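Notes follow the structure.
Please treat every number below as a calculation from the coordinates, not as lab data. Small disclaimer: the values here were computed from a predicted structure and weren't measured. Glycine also receives a Cβ, built like all others from the backbone with ideal geometry; neighbour counts cover every protein chain displayed.
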Amino acid sequence: MKFVIQRVTECSVTVDGKVIGAIGKGFLVLIGAGREDTRANADALVKKMIGLRIFEDANGKTNLSLKDVDGSLLLVSQFTLYANCKKGNRPSFIEAGEPEMAEELYNYVIEECRKQVPVVETGSFGADMKVALVNDGPFTIILEN
């Protein structure tokens, strides 16, 4: 799995002109599932993400976690994280998980995050989404296993 985590002051996702998810301070997380990924992979990334200390404390050091700052999550599925551009100019997506499996893992990640974070908003799996964000820093972390 791959998570692209962006520390944000605000973000939203829109489908067909309607905002379906929005948060203030927290993480926008783009989530991709690979062909061999399992719930164990998802568990490891969720644990790492929730524990990341990338918010600034009173001394300006990145020492606070999502929970410490009452942050929220906006989780958005994005199979294109598995784009392979090694040959030619047209990306290959053969490393991405099949849609049914990827959707199951995406929904599993949402469920696990909701057990630990009070506000979890989502995109819509497989939809044409428009994502707007204000990246705080900018600060972007890539987690994968």
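Working only within the range 46-55, note down all residues that are surrounded by 13 or more Cβ atoms within 10 Å (Cβ to Cβ) and of a type outside the set (D, E, K, R). Once the filter is applied, which keeps residues that are surrounded by 13 or more Cβ atoms within 10 Å (Cβ to Cβ) and of a type outside the set (D, E, K, R), the range 46-55 yields V46, M49, I50, L52, I54, F55. Of the strands (runs of 3 or more DSSP E) contained entirely in the range 56-145, those carrying at least 1 residues that are surrounded by 13 or more Cβ atoms within 10 Å (Cβ to Cβ) and under 15 Å from the mean Cα position of the chain (by Cα) fall at 72-77, 120-122, 129-144.
Which one is nearest to A83 (Cα to Cα) among residues in the range 13-31 that are surrounded by 20 or more Cβ atoms within 10 Å (Cβ to Cβ) and more than 8 Å from the chain's Cα centre (by Cα)? So the residue we want is V13. Scanning the range 17-30 for residues being free of Cβ contacts under 8 Å to residues at least 40 places away in the same chain and not in a strand (DSSP E or B) gives a total of 1.
Within the range 31-66, the set of residues being in contact with a Ser or Thr (Cβ under 9 Å, 6 or more places away or on another chain) and either of a type outside the set (K, R) or without any contact (Cβ under 8 Å) to a residue 12 or more places away in the chain (or both) comprises I31, G32, A33, I50, G51, L52, I54, F55, E56, L66.
All conditions in (1) out of contact with any helix residue (DSSP H, G or I) (no Cβ under 8 Å at 6 or more places or on another chain); (2) not in a loop (DSSP other than H, G, I, E, B) hold for I50, with the sole exception of (1). Total residues in the range 98-145 satisfying the condition of being touching a helix residue (DSSP H, G or I) at 6+ places or on another chain (Cβ under 7 Å) and among the acidic types (D, E): the figure is 1.
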